[in-house]
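These notes concern the structure reproduced below.
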Amino acid sequence: MKSVHEFPNFKWIDIESPTKSEILKATAEYDIHSLVTEELSIPSRRSKAEQYKGATYLVLHFPFMSKRDGKHSKKPSDEIDFVIGKDFLLTTHYEPIPLLSKIKKNIDALQLTPNGVGAPTPTMLFYAITREFYASLHNVLEEISLRISNAESQIFAGKEREMVIVLSKIHRDLLDLSRAIYNQEDVIDGLEHMDEDLLPDKVKPYIKKLENQYRKVASNIESSRALTNDLRATNDSLLTLKNNETMKYLTIMAFVTFPLSLVSNLFGMNVKNTPIAGSDFDFWIVIVIMVGLTAIMFTFFRHMKWL
């Protein structure tokens with residue numbers, strides 16, 4: 001599906017799920033290099049930037065996370081291909097992207113002129129679109145930060161077992177975010193080598209802003225990953241301690257019941273001349289022996305500071 005937005009000095013052509021004929025027609029209309037035509041036809045694994053005569057070709061990947069039925073689910077990162085020319089901006093993507101649709105509906109609200117002066121340019125439109133995507137990543141990271149804070153509270157509320165899965169999911173989401181935006185700093189840095197017609201001096205500060213936004217996102221991801229790893233280590237330690245305590249008490253109970261079982265088995269043997277058996281108060285004597293041995297075991301455990 002193709003949509004075109006016209007500005008005074010250029011056009012924005014956005015193609016969703018592009019067909020080969022749509023790509024050929026668009027690249028032929030704006031005399032885009034044949035190598036770019038090939039690149040637009042197939043998804044790319046990594047973000048990248050390439051310079052061609054009269055155009056700059058960029059590939060950026062952005063992860064998007066949604067909340068459904070109270071559970072967090074993730075779909076694969078979305079790829080957006082940008083071709084920036086002097087009088088056009090061509091974008092292609094292989095799936096519907098809600099944020100991009102929202103940008104197109106509210107395009108008048110975007111800052112498309114340097115310092116609010118002059119005519120909009122394709123590079124400023126690229127800046128405005130990318131800025132919105134980085135802003136959405138900040139929102140995702142804020143949501144993850146809340147999940148981390150909640151997990152921290154639950155850990156010290158005695159729910160270590162439940163938090164093993166929760167922290168693992170948070171770590172996976174952060175890993176996906178980091179993987180999706182990997183290498184984007186080099187891509188944005190590459191924009192500084194664009195032709196002066198595409199990147200006039202008054203627009204260069206905005207590219208620097210994009211670099212700063214990327215660094216903030218990357219820094220927040222790494223900080224969240226470090227915090228999550230620390231919480232996982234703390235949770236594992238508390239869980240191990242709780243398991244050790246359980247094993248300790250089970251072991252103590254096994255040792256305590258051992259003399260009881262031994263005495264009961266001895267007096268339950270079908271043999272003649274069993275001591276005490278048949279005498280007055282033999283049952284109560286056996287009970288006293290059992291209680292005495294149990295007390296001795298508890299005293300021994302206390303002395304060894306196992307209790």
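Some notes on this structure:
- Top-ranked residue in region 216-233 [being closer than 27 Å to Ala157 by Cβ and of a type in the set (Gly, Ala, Ser); ranked as nearest to the chain's Cα centre (by Cα)]: Ser224
- In region 169-181, residue modelled with the highest pLDDT [restricted to those that are of a type outside the set (Val, Ile, Thr) and closer than 15 Å to Phe133 by Cβ]: Leu177
One line per residue, one yes/no per condition, for (1) more than 19 Å from Ile188 (Cα to Cα); (2) part of a helix (DSSP H, G or I):
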site	(1), (2)
Ile103	yes, yes
Asp108	yes, yes
Tyr127	no, yes
Arg131	no, yes
Tyr134	no, yes
Leu137	no, yes
Ser145	yes, yes
Ile148	yes, yes
Gly158	yes, no
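- Taking first residues from region 1-22 that are farther than 15 Å from Leu125 by Cα and in contact (Cβ under 8 Å) with a residue 12 or more places away in the chain and partners that are open to solvent by less than 30 Å² (accessible area, probe 1.4 Å) and of a type in the set (Ser, Thr, Tyr), the Cβ contacts under 8 Å between residues at least 6 apart in sequence or on separate chains come to Ile15/Thr91; Ile15/Thr92; Glu16/Thr92; Pro18/Thr92.
- Scope region 98-108; condition more than 22 Å from Ile32 (Cβ to Cβ) and either touching a Gly at 6+ places or on another chain (Cβ under 7 Å) or touching a residue at least 40 places away in the same chain (Cβ under 8 Å) (or both); matching residues: Ile107
- Pick from region 199-223, criterion open to solvent by less than 20 Å² (accessible area, probe 1.4 Å) and either among the polar types (S, T, N, Q) or part of a helix (DSSP H, G or I) (or both), ranking: nearest to Asp176 (Cα to Cα): Ile221
- Per-region count, region 141-184, residues within 18 Å of Ser77 (Cα to Cα) and charged (D, E, K, R): 6
- If you go through region 79-89 and pick out every residue that is open to solvent by 10 Å² or more (accessible area, probe 1.4 Å) and within 16 Å of Thr27 (Cβ to Cβ), you end up with 2.
- The residues of region 145-183 that are of a type in the set (D, E, K, R), closer than 16 Å to Ser237 by Cα and either open to solvent by less than 50 Å² (accessible area, probe 1.4 Å) or touching a Lys or Arg at 6+ places or on another chain (Cβ under 9 Å) (or both), listed by number, are Glu160, Arg161.
- Residue within region 49-60 that is farther than 30 Å from Val166 by Cβ, in a loop (DSSP other than H, G, I, E, B), modelled with pLDDT under 85 and open to solvent by less than 50 Å² (accessible area, probe 1.4 Å) present: yes
- Sub-9 Å Cβ pairs linking a first residue in region 38-51 that is closer than 14 Å to His93 by Cβ to a second residue that is open to solvent by 90 Å² or more (accessible area, probe 1.4 Å) and modelled with pLDDT under 85, at least 6 apart or interchain, are Ser47/Tyr182; Ser47/Asp186, ordered by first then second residue.
- Among residues of region 184-198, those that are open to solvent by 30 Å² or more (accessible area, probe 1.4 Å) and either under 29 Å from Asn229 (Cα atoms) or part of a helix (DSSP H, G or I) (or both), counted: 5
- Restricting region 243-257 to residues that are open to solvent by 80 Å² or more (accessible area, probe 1.4 Å) and without any contact (Cβ under 8 Å) to a residue 24 or more places away in the chain leaves a set whose member that is farthest from the chain's Cα centre (by Cα) is Met253.
- Selection within region 9-40 - of a type in the set (Ser, Thr, Tyr), surrounded by fewer than 16 Cβ atoms within 10 Å (Cβ to Cβ) and not in a loop (DSSP other than H, G, I, E, B): Ser21, Ser34
- In the condition set (1) more than 22 Å from Leu89 (Cβ to Cβ); (2) of a type in the set (A, V, I, L, M); (3) open to solvent by 30 Å² or more (accessible area, probe 1.4 Å); (4) touching a residue at least 24 places away in the same chain (Cβ under 8 Å), Ala119 is compliant with all but (1).
- If you check Thr228, Thr240, Thr234 for being hydroxyl-bearing (Ser, Thr, Tyr), part of a helix (DSSP H, G or I) and open to solvent by 60 Å² or more (accessible area, probe 1.4 Å), only one passes: Thr240.
The values are calculated or read from the model by the stated rules, or taken from the named source; none is laboratory data. As the structure is a prediction and not an experimental result, all values here were calculated from the model. When we count neighbours, we look across all protein chains shown, and the Cβ atoms used for this are built from the backbone with ideal geometry, even at glycine. Just so you know, the surface numbers come from the protein's heavy atoms only, side chains and all, with ligands and any DNA or RNA stripped out. Shrake-Rupley method; radii C 1.70, N 1.55, O 1.52, S 1.80 Å.
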